[in-house]
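Taken together, the values in this text are just the output of simple stated rules run on the coordinates, not laboratory data. Computed from a prediction, not measured in an experiment: that's the story for all the values here. Using ideal geometry, Cβ is built from the backbone for each residue, glycine included, and neighbour counts are taken over all protein chains shown.
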Amino acid sequence: VRTILLVAEQREGKVREITFEMLAKAKELAEEIDAQISVVLLGYDVDNLTKELSIVGVDEILLFEDEKLKIYNCDGYQIVLSELVKEKKPILTMIGHTSLGVDFSPGLATKLNLPLVTDCTDLRFSNDKLTATRQMHSDKASVEIIFPHSTQYIVTVRPTAFSPLKEPSSNSVKIVRVSSCLKDKHLRSEVIEIVKPFDEDVDITKANIIVAVGRAFKTEEDLVVAKNLCEAVGGVLAASRPITDKGWLSEARQVGLTGKIVKPKLYIALGISGQTQHVAGMKNSKMIVAINKDPTAPIFSVADYGIVANLFDVVPILDEQIKSAQE
Ligand SMILES: Cc1cc2nc3c(=O)[nH]c(=O)nc-3n(C[C@H](O)[C@H](O)[C@H](O)COP(=O)(O)OP(=O)(O)OC[C@H]3O[C@@H](n4cnc5c(N)ncnc54)[C@H](O)[C@@H]3O)c2cc1C
């Protein structure tokens with residue numbers, strides 16, 4: 001029987017959203033190619049998460065617990081996962097394209113001598129051959145990649161590419177404890193300290209409403225206009241890269257290719273031109289409203305609603321209107 005091996009991602013004892021997004025795609029693929037889904041969970045004292053991972057379509061959860069993996073360790077992940085892939089021979093191994101996945105997946109693929117496609121936005125099979133879709137050249141081009149001579153594949157999946165699947169399984173999912181093969185000598189690196197990002201309290205990837213500011217804001221004081229709108233709509237403030245580069249907002253609030261990928265219900269872009277590196281991080285938002293004084297700004301091609309105007313004239317009016325509507 002074919003297997004899709006899905007590497008669950010947990011951090012500090014919490015399952016990350018990417019896991020459920022990958023599960024949605026895994027279920028679809030498993031039905032297509034008649035495969036079973038094995039979810040692998042690595043960490044220490046994480047067995048309480050198996051319940052949350054017992055999602056419809058999941059056949060088994062491989063639970064690997066070792067104190068050495070209490071904190072993420074690249075060598076540890078690579079060793080444990082390569083053993084599992086050798087044993088299970090999954091047709092497809094799915095890993096999140098997150099800072100963790102980006103760190104350990106290339107080494108894992110090398111250890112196993114298997115092809116790796118990173119940052120996939122879509123996956124499909126035909127005749128048991130994988131076609132993986134990914135973006136190239138800062139998201140300017142979309143390419144489909146095939147490996148005609150391979151029978152096993154490893155992919156990392158772009159966050160927000162798929163809608164998360166969280167429906168609990170009605171059957172009880174088999175939990176298999178994997179015994180530890182890790183020795184201290186395997187771990188060539190050690191985490192000495194975890195430095196949390198400044199502004200850790202904001203996780204823009206979880207916000208329902210985002211008000212994002214761009215280079216149209218010439219001084220830090222100007223941001224008050226956006227902050228007022230943000231307050232009126234109950235949103236979270238985010239920015240394009242020039243603003244975070246200036247240090248006016250923390251990097252945790254940067255949207256785009258080198259920032260966060262977000263998918264809020266409403267994304268309001270204020271004075272952002274819409275360069276591909278920015279759009280890559282927000283184009284999947286449910287509704288996009290753009291305010292820009294340049295009618296040819298590329299942001300308008302992804303926006304659902306556009307206002308061509310000086311934002312410093314329009315935003316205060318919007319603010320007033322929203323506040324009076326709320327009253
Ligand atoms: C490798 C690489 C990675 C990158 N990663 C990212 C990333 O993750 N995120 C990101 O955002 N960028 C990223 N960039 C930078 C990106 O290429 C753009 O430079 C950046 O997104 C532009 O930001 P902006 O739209 O705020 O500024 P600009 O492109 O300067 O646009 C400002 C816009 O504001 C409008 N405007 C000016 N004044 C007003 C006004 N008063 N009212 C209304 N509109 C006004 C202008 O018409 C213009 O369209 C990256 C670049 C590279 C090379």
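For the reader, a short list of remarks on this structure follows.
- Here the sum of -39500 (n - 2.57) over DSSP H runs of 4 or more residues, divided by the residues of the chain, equals -7500 deg cm²/dmol at 222 nm, to the nearest 500.
- For the chain, diffusion coefficient by Stokes-Einstein and Kirkwood Rh (Cα), 10 °C, 1.306 mPa s, µm²/s: 74
- Extension gain for Thr296 to Val1 (0.36 nm times residue separation, less C-alpha to C-alpha distance): 100.8 nm.
- Calculated SAXS-style log₁₀ I(q)/I(0) at q = 0.19, 0.22, 0.30 Å⁻¹ - region 29-85, Debye, Cα scatterers: -0.74, -0.90, -1.18
- A Förster radius of 56 Å, combined with the Cβ-Cβ distance separating Lys129 from Glu220, puts the computed FRET efficiency at roughly 0.60.
- In loop segments of region 1-80 as defined by DSSP, the chymotrypsin sites (Phe, Trp or Tyr not before Pro) with at most 15 further C-beta atoms inside 10 Å of their C-beta are Tyr44.
- Modelled spin labels at Ala309 and Thr110, positioned 7 Å past Cα toward Cβ, are 5.5 nm from each other.
- Distance between modelled label sites at Lys265 and Lys14, nm, 7 Å Cα→Cβ extension: 2.0
- For Tyr153, distant residues with modelled amide H under 5 Å away: Leu92, Thr93
- Sites Gln36 and Ser172 - FRET efficiency at Förster radius 22 Å, r taken between beta-carbons, to 0.05: 0.90
- Using θ = phi - 60° and Karplus 6.51 cos²θ - 1.76 cosθ + 1.60, couplings along region 50-58 (whole Hz; Gly, Pro as x): 5, 5, 5, 8, 7, 9, 3, x, 7
- Amide H to amide H, with H built 1.01 Å from N, Asp122 comes under 5 Å of Thr133, counting only residues 5 or more places away or on other chains.
- Each residue of region 270-276 was assigned a 3J(HN,Hα) from its phi angle through the Karplus curve 6.51 cos²θ - 1.76 cosθ + 1.60 (θ = phi - 60°); the sequence is 9, x, 10, 6, x, 5, 3 Hz, with glycine and proline shown as x.
- Pairs of lysine residues in region 230-327 that meet both criteria, 8 or more places apart or on different chains and Cα atoms under 15 Å apart, total 5.
- Length released on extending from Ile317 to Arg188, taking residue separation times 0.36 nm less the Cα-Cα span: 40.6 nm
- Residues whose amide H comes within less than 5 Å of that of Gly281, counting only those at least five positions distant or on another chain, are Gly256, Leu257 (H built at 1.01 Å from N in the peptide plane).
- Filtered trypsin sites (Lys or Arg not before Pro), region 263-323: DSSP coil and at most 13 other beta carbons within 10 Å: Lys265, Lys286
- Viscosity 1.567 mPa s, temperature 4 °C, Stokes-Einstein D of region 65-179 from Kirkwood C-alpha radius, µm²/s: 82
- Dipole magnitude for the chain: computed about the Cα centre from +1 point charges on Lys and Arg Cβ and -1 point charges on Asp and Glu Cβ, it is near 680 debye.
- Across all directions, the average projected area of the convex hull around the alpha carbons of region 279-327 is 4.0 nm².
- Residue separation of Cys181 and Ala325 scaled by 0.36 nm, minus their Cα-Cα distance, works out to 45.6 nm of gained length.
- Debye intensity ratio in log₁₀ form over the Cα atoms of region 229-298, taken at each q of 0.13, 0.28 Å⁻¹: -0.33, -1.48
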